Amino acid sequence: MEEEWQPDAVLDIRIAQVRKELSEYVEKNAEKIDSNLPVFYGHVMSIIENSFQGISDEAHDRLIDDVTMKVLEVSKRSGDIEYVERLFSHAVRMRKRQAGRMVFDVILGFKLIDLGKYNQAIEVLSKYRAIDAIICTAISYCYYALSEEHLSEDGVPAHNRRPSEKALAAREQMIELVRLRAPVNRLKFPHVLQELKINKIFWFMIRLAVDWFPTEIEFLKVGLEKARKDGNREMRGDLLKIASERYFSDMFFLRDLYHYKIEMRDASGATAVVRQMMQQHPDELEPVYYGMQLSIISSQKSAYSSFRKIAAGKKMPLNVLALLDFEFELVAGKKIETYACLEEIRNRVLSKSYYLIMIEYVTEDAFSDVEKRAKVARKTILDSLDLYCMKILKMKTD
């Protein structure tokens, strides 16, 4: 009998429960699983088939992948490459989509690096270089580690050394990273890989590349993208410091530095960045917009007035100016003035916009007597208007 249809959200709950049960089973039966992988995977397939009759191939494969990673995490034989290869081989056969081999190959490659088997790791990982930036850095690290082993063996003093073939290959792989423009964090690695130091390898090689190729801007950009996605503020700050010294006029780095200062609640630092932007890009509206936003956040009327005058002189669109005026009064907590600005927007700027309906609705909550509700509403308005204005001004939002 065909299983009744269920909303995806409900099915996801059931899948999560089965994943939890399988994970608990693996933890309790690790040695038994290690001794007979075919029986274990037969058991897993039986559980999945009995629990779901209409599960998608993607969800099925995700369960297989997750339980496989759990086995690798708890197994006492996770350092045995032959065992790991056998484990992954069984997992691939259980998947609906055989293309899933890539994930296991990449994990195997990193496992080989962790065990110091660098040549084997290079062989496994090389065909996946374009998949994720972290793979290129891993291959480069393998060559670098091999070059260091060679140098330690030949006993030549550091100042007399010439770069070996392996050392040059390490640099070539980092150049390949720039050429391929591999995406950052495309691969979602399971928890077990946290112990394999893959992020440490990435940052180690990015730091080396920044020193090796001081005029190549892309290494800093790749590093900053990963730092943002990982929430790694320390590394982001370090890279931005280097960028501000080497590329002090580049708007890409100035923009990121501004947002970084805002995230760190460093108002004076953000103000300094705005000044630098205005000095380096005097004809651009973007620095003026940031200055107005800073004035709004700090409720500094004189600063806002000054930046607004500059913005008007540079022909900032009237709808943006009106929305920023509304923001300023809203943040200052002036209800009468806020609604006066809203009335002007209604009559002159966004009279036929559905977006105006949202602004009007949320503005009511922004002056609610319930502080938590008012705070959430104000933040919603500010974030939304910021994106809206940046889109009108054709500013980058990354």
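The values are calculated or read from the model by the stated rules, or taken from the named source; none is laboratory data. Just so we're clear, the structure is a prediction, and the values are computed from it rather than from any experiment. Virtual Cβ from ideal backbone geometry, glycine too; neighbours counted across all protein chains shown.
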For this session: Filter the range 365-398 down to the residues that are within 27 Å of the chain's Cα centre (by Cα) and hydroxyl-bearing (Ser, Thr, Tyr), then identify the one that is farthest from Pro317 (Cα to Cα).
Result: Thr380
Exercise. From Tyr258, Tyr289, which residue is of a type in the set (Phe, Trp, Tyr), in a helix (DSSP H, G or I), crowded, with 19+ Cβ neighbours inside 10 Å and more than 19 Å from the chain's Cα centre (by Cα)?
Worked result: Tyr289
For this session: Taking Phe213 as the residue in question, decide whether it is in contact (Cβ under 8 Å) with a residue 12 or more places away in the chain and surrounded by fewer than 19 Cβ atoms within 10 Å (Cβ to Cβ).
Result: yes
For this session: Could you tell me which residue of the range 106-127 is farthest from Ser56 (Cα to Cα), considering only residues that are modelled with pLDDT under 90 and of a type in the set (D, E, K, R)?
Result: Asp114
For this session: Scan the range 247-254 and give yes if some residue there is part of a helix (DSSP H, G or I) and either over 18 Å from Met390 (Cα atoms) or of a type in the set (Lys, Arg) (or both), otherwise no.
Result: no
Exercise. Do any residues in the range 372-398 that are in contact (Cβ under 8 Å) with a residue 60 or more places away in the chain and assigned by TED's automatic domain parsing to the domain that holds Met358 have Cβ atoms under 7 Å from those of residues that are outside any helix (DSSP H, G or I) and surrounded by 15 or more Cβ atoms within 10 Å (Cβ to Cβ), where the two are at least six apart or on different chains, and which pairs are they?
Worked result: Leu393/Leu285
Exercise. Could you say whether any residue in the range 269-283 is within 25 Å of the chain's Cα centre (by Cα) and farther than 27 Å from Leu318 by Cα?
Worked result: yes
Exercise. Given the conditions (1) in contact with a Phe, Trp or Tyr (Cβ under 7 Å, 6 or more places away or on another chain); (2) of a type in the set (A, V, I, L, M); (3) within 27 Å of Met205 (Cα to Cα), which single one is not true for Leu257?
Worked result: (1)
Problem set entry | Condition met for Val39 (surrounded by 14 or more Cβ atoms within 10 Å (Cβ to Cβ) and either acidic (Asp, Glu) or not in a loop (DSSP other than H, G, I, E, B) (or both)) | no
Exercise. Is one or more of the residues making up the range 314-322 without any contact (Cβ under 8 Å) to a residue 60 or more places away in the chain, surrounded by 16 or more Cβ atoms within 10 Å (Cβ to Cβ), in contact with a Lys or Arg (Cβ under 8 Å, 6 or more places away or on another chain) and closer than 26 Å to Ser302 by Cβ?
Worked result: yes
For this session: Return a yes/no flag: does the range 129-142 have any residue that is in a helix (DSSP H, G or I) and surrounded by fewer than 17 Cβ atoms within 10 Å (Cβ to Cβ).
Result: no
Seminar exercise, completed: Of the residues in the range 262-286, those that are in a helix (DSSP H, G or I), free of Cβ contacts under 8 Å to residues at least 60 places away in the same chain and surrounded by 14 or more Cβ atoms within 10 Å (Cβ to Cβ) number 12
